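First the structure, in the form of C-alpha cells, and then the observations on it.
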Amino acid sequence: MLLAASCYFYMAFVPIYILILAFTIVVDYFAGIAIENARGNRRRWLLMASLVANIGILAVFKYYNFLNDNLTQLLGIFHVQNRIPYLEILLPIGLSFHTFQAMSYTIEVYRGNQPAERHFGIYSLYVMFYPQLVAGPIERPQNLLHQFHAYHEFKWENIVTGLKIMLWGFFKKLVIADRLSIYVDAVYNNAEHHSGTSLLIATLFFAFQIYCDFSGYSDIAIGSAKAMGIDLMINFRRPYLSQSISEFWSRWHISLSTWFKDYMYISLGGNRVGISRWYFNLFFVFLVSGIWHGANWTFVVWGALNGVYLILALVRDRFLKTDKTKNQSVKSFASTTFNTLFTFILICLTWVFFRVSTVQGGFEIVRKIVFEQGNLFFDLDLVYGFLCILFLMTFEWIQEKRIEKLQWMNSTNPIVRYIAFGLLLVSIISFGVFDGGQFIYFQF
Amino acid sequence: MIKSIYFRFLLFLGIVILFDVVFGLFLRNLFFEQKRGTNYRTTFVLEKTKKDIIILGSSRASHHYVPEIFSDSLSMSCYNGGRDGTLFDYSYACTQALLTRYKPKMILIDINLEDFYVNTRANENLQSLLPYYRNHPEIRTIIQTVRGPLEKYKQFSFCYPFNSTLLNSFSNIIRSENPQDTSGYMPLEGTISEKEIPQVFDFGSSNKNELRIDFLKLTAQLCQKNQIKLVVVQSPRFGVYKNHEILNEIRDILTKEKATFISYDNANLFSNPQLYKDASHLNDSGARVFSGILVSTILNQAGKK
C-alpha cells in the first residue's frame, strides 16, 4: 500500500516519469543481487554499471542542456555553430535525491555493509518512499530497509509525535520561510534598483528562508514517516549556531554531507593523504556538491566557496597549531559569539550565489553590499522577518543549551505541551503565507 | 487508553479553538479600529461611504484619479477606493457590497487589460476581502468562486480572515498624523527617465480569463439594473499594446449594458514620460492632467446624450 501511495504521489507530477524511476529501480535491484553473488573484479564492474546508469539519468535530465549551453558558448568563441539540439524536458521531481539514495544502496552492498534486498517491492519502496522521495533526507539502506521488513503495530504515540514534527515543519515553511521570501524576492528580483543595505538584509533573510524552507520540508517528511512508524534520519541540527564551517557542514543537510563524505571524500582518500591531495579532495567534493544542487555556474561558485573556506580553516589551524583535542567547552561567551557570527557571515556570502541566476549577478550584489550601502527598502515584511528570525534563533538556542524548562513543546506537563502546539497552530493560521509557492529544494 | 486519547484530542482541540477565538477577536478589533491605511480604505468603501462617485480598481485607480477634480467638475462628492494589487474581482465585489447599502450616482472602475487574460500578474486573490466575509453575505459567493469552495470552511476560524494583518493594523493605529483619509487618492511623486523605452504588451498568445470577463458583465448588469452610471476606464500607461482583441469584447459587453467605456490605449496624449512615476503609473502631475481630460470626456458624452 505504501508503494502504491508512493507511485501515486510521484505520478501526480509528470506521470510518465515513473518510468525513469522504474528503470533505475530495476537496474539497481538486479545490480545489488548480482554484486552480492559476484566475485573479484566482476563486482566492481557491476557497481560501475549501476552507478553509470544512475548518473547517466541524472546527467541527461539535469545537466544536458546546461552542458550544451556551455558548449554553444565555447564554440561561439571560435565562431563555430553548435548543432547539437537542446532537450525540451522537465526535470523529474526529486531526481537528485532518489538517485543518490539508490546509489548508496549499491555502494553499501558492494562494500559488504548491506545484504542485497531480495524483495523487489521492498527495494522499490526504499527508493520511492514518498515522504522523502522529492527532497530527502537521503537515506541509507542500513537505516531504512530493515524498517520496511519489520512489522509496525499501530501506535498513537507515533502519530502524535509525527504530527508534532510536521506542525513544526509547517510553521517553519509557512510562517518563516514564505514570509521572508516576500522581502527576498522583492529585493533580489530587482537587485539593480536596490541599495547594498537592502541587499544585505535580503541576503540575511534568504539564509533563514532557505534554512526554514528546507528543514521545514525535512521535518514534514520525517514527521509523516514517523506517523507511519518509520524513523528517518535527522537532516538539520541548528546549523546557524555553528562555530566553524566544518561544524556547519556537520549540521546542515546532514544526509547529503555524510553521503559525500562516505562515498566520495573517503573514496578519494579523505585526509589520509598528503596535504595538497587532502585539500584537493575537500575542494573537489564541494565542487561536485555545488553541481549536484543545480545546472548553473552559480552553484559551482557556491560549492567552491565552501571548499575554499574549509581549506583556509585547515591552513589556519596548521599555522596556529590549533589542538582540537583540547577541551572546547571553556571558550568565552565573546569567543563563541564571534565564531558563530563570523561563520554565519561566511555562509551568507555563499548564499548570495545560491540565490542569484548568474555569477556576474552574484558578484554585483556582493559589490553593492560592500560599497553601496544606501537607503533600506522598508516594508512591513521586514519587521515580520526580523521577528521570525528572533523567534527561531531563540527557540534553537534553547534547544542547543537544553534548557528544559523553556522547551514547552517537550514539556512533561501535557497542558503546557498542548498550549505550545495550540499556539503554533494558531500562529500558522494567523501569520502563515498560504500562496508562497513550492519548496526551494524541489527544484533539485 | 482509547478514552484517554479521545480526551486528550478534545482537550487539545479545545485549547486551539480558545486561542483561535481569543486571538481572532483581538485581530478583528485591531483591524476595524484602523482609521487610515489600505484596509481602512476598503472598510470605508464597503461599510461607510455615501459618496456620489466611487472610483474602484487597482493601484492605477488609486494613483490616477484625483477626486477633487471630479467633485469640482461634476458637482458630486467623490471617493477613490482603488487598492493596490487587486484585479477586477475586487472591484466587482466592492460594487456588490456598495449597492446593498446605497446607490451612488456613478461608479468608475479602472481596468488593466492584462487582467482579462489568464495568469498574468501576481495579485492578492481577494485576501483583502476575507475580513468582511462574515458580515457581508453579498460578497461570499465571489470570494468562494475566486478562492475555492473550501473558503467557507476556513472562515470558521476567527484568525484566518485576519491573516498577516497584525502589524499593518497596529502600525496604522499607533500613527497619529492625519488619521482619516478623506479622498482616497494616493499621489505619486517622481518621474521616469526620459530615456525609458515604452513597454510592449503583446497578448497574442494569451488565453482569456472567462471568469473575469463574466465579472465585468455582471458588474455592468448590476449597475444597469440599479440605474447607476458605470464608467469603465483603461487609464494611460507608458507602453504599447499589441494584439489585444479583448478590448473589443470589453467594449461590446459594456455598450450592451449601457455602460461607458473609455480607453486611453496607446494614447499619444500620454506619451510624455514626464507624466509617469513608472511605466504603469502616472505621477501626481500626470494624474491631474488625466483626471481633467477624463472628466471633460465624461461631460462631453453626457452632453451628447
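Descriptive notes on the structure:
- Burial of 10 Å² or greater, segment B:6-25 residues [accessible area, probe 1.4 Å, versus chain by itself]: B:ARG8, B:LEU11, B:PHE12, B:ILE15, B:VAL16, B:PHE19, B:ASP20, B:PHE23
- Gaussian network model of chain A, springs between alpha carbon atoms under 10 Å - residue of A:GLN81, A:GLN243, A:GLN147 with greatest fluctuation: A:GLN81
- Of the GluC sites (Glu not before Pro) found in segment A:341-444, those in coil by DSSP whose Cβ has at most 14 other Cβ atoms within 10 Å are A:GLU372.
- Protein heavy-atom accessible surface, 1.4 Å probe, per residue over segment A:1-147: 49 Å².
- Pairwise label distance in nanometres, A:ASN339 with A:LEU87, each label 7 Å out on the Cα-Cβ vector: 4.6
- Cα shape, segment A:1-125, gyration tensor, a/c 1.5 rule: oblate
- Exposure of B:LYS50 as accessible area (Å², to 10), given a probe of 1.4 Å and all protein chains: 130
- Prolate/oblate/rounded label for segment A:96-184 (Cα gyration tensor, a/c 1.5): oblate
- A:LEU380 paired with B:THR141, simple spin-label distance in nm, labels 7 Å along Cα-to-beta-carbon: 3.1
- In a DSSP loop and with at most 10 other Cβ atoms within 10 Å, the GluC sites (Glu not before Pro) in segment B:211-305 are B:GLU245.
- Overall form of segment B:85-163 per C-alpha gyration tensor (a/c, 1.5; a/b vs b/c): oblate
- Across B:THR42, B:THR219, B:THR255, mean-square fluctuation computed from a Gaussian network of chain B (C-alpha pairs under 10 Å connected) peaks at B:THR255.
- Considering only A:LEU232, A:LEU163, A:LEU312, the Gaussian network model of chain A with Cα springs below 10 Å gives its largest mean-square fluctuation to A:LEU312.
- Our helix-only sum for chain A, with -39,500 (n - 2.57) per DSSP H run of n ≥ 4 divided by its residues, gives a mean residue ellipticity at 222 nm of -21500 deg cm²/dmol.
- Label point distance in nm, A:PHE120-A:LEU71, each placed 7 Å from Cα along Cα→Cβ: 3.6
- Computed E for B:ARG8/A:GLN407 - FRET, C-beta separation, R0 22 angstrom, nearest 0.05: 0.65
- Threshold 40 Å², segment A:399-437 residues less accessible with all protein chains present than alone (1.4 Å probe): A:TYR418, A:VAL426, A:ILE429, A:SER430, A:PHE431
- For A:LYS172, the aspartates and glutamates whose Cα falls under 20 Å of its own Cα, not counting residues fewer than eight places away in the same chain, are A:ASP185, A:ASP213, A:ASP219, A:ASP381, A:GLU396, A:GLU400, A:ASP435, B:ASP20.
- Percent accessible area from carbon and sulfur atoms, segment A:57-191, protein chains only, probe 1.4 Å: 64
- Whole-angstrom gap from segment A:3-44 to segment B:16-51, using each part's C-alpha centre: 56
- In segment B:137-170, burial by the other protein chains removes 40 Å² or more of 1.4 Å probe accessible surface, compared with the chain on its own, from B:ASN163, B:SER164, B:LEU167.
- Pairs from the list B:LYS48/B:LYS258; B:LYS50/B:LYS256; B:LYS50/B:LYS258; B:LYS225/B:LYS256; A:LYS155/A:LYS226; B:LYS103/B:LYS225 with a Cα-Cα gap above 20 Å: B:LYS48/B:LYS258; B:LYS50/B:LYS256; B:LYS50/B:LYS258.
- Accessible surface buried by the B/A pair amounts to about 1900 Å², both sides summed, 1.4 Å probe.
- For segment A:173-203, the residues whose amide N sits under 15 Å from a probe point set 7 Å from the Cα of A:GLN373 along the beta carbon direction are A:195-201.
- With a Förster radius of 60 Å applied to the beta-carbon distance between B:LEU269 and A:ARG39, the computed FRET efficiency rounds to 0.10.
- The H on the amide N of B:GLN234, modeled in the peptide plane, is under 5 Å from the matching H of B:ILE111, B:ILE262, B:SER263, B:TYR264, each at least 5 residues off or on a different chain.
- If R0 is taken as 45 Å, the Cβ-Cβ distance between A:ILE266 and B:LYS242 corresponds to a FRET efficiency of 0.15.
The values are calculated or read from the model by the stated rules, or taken from the named source; none is laboratory data. Being a predicted model, the structure only gives us computed values, none of them experimental. Cβ: placed from backbone, ideal geometry, glycine included. Neighbour counts: every protein chain shown. These area figures cover heavy atoms from the full protein model, side chains too; ligands, DNA and RNA do not enter into them. Shrake-Rupley method; radii C 1.70, N 1.55, O 1.52, S 1.80 Å.
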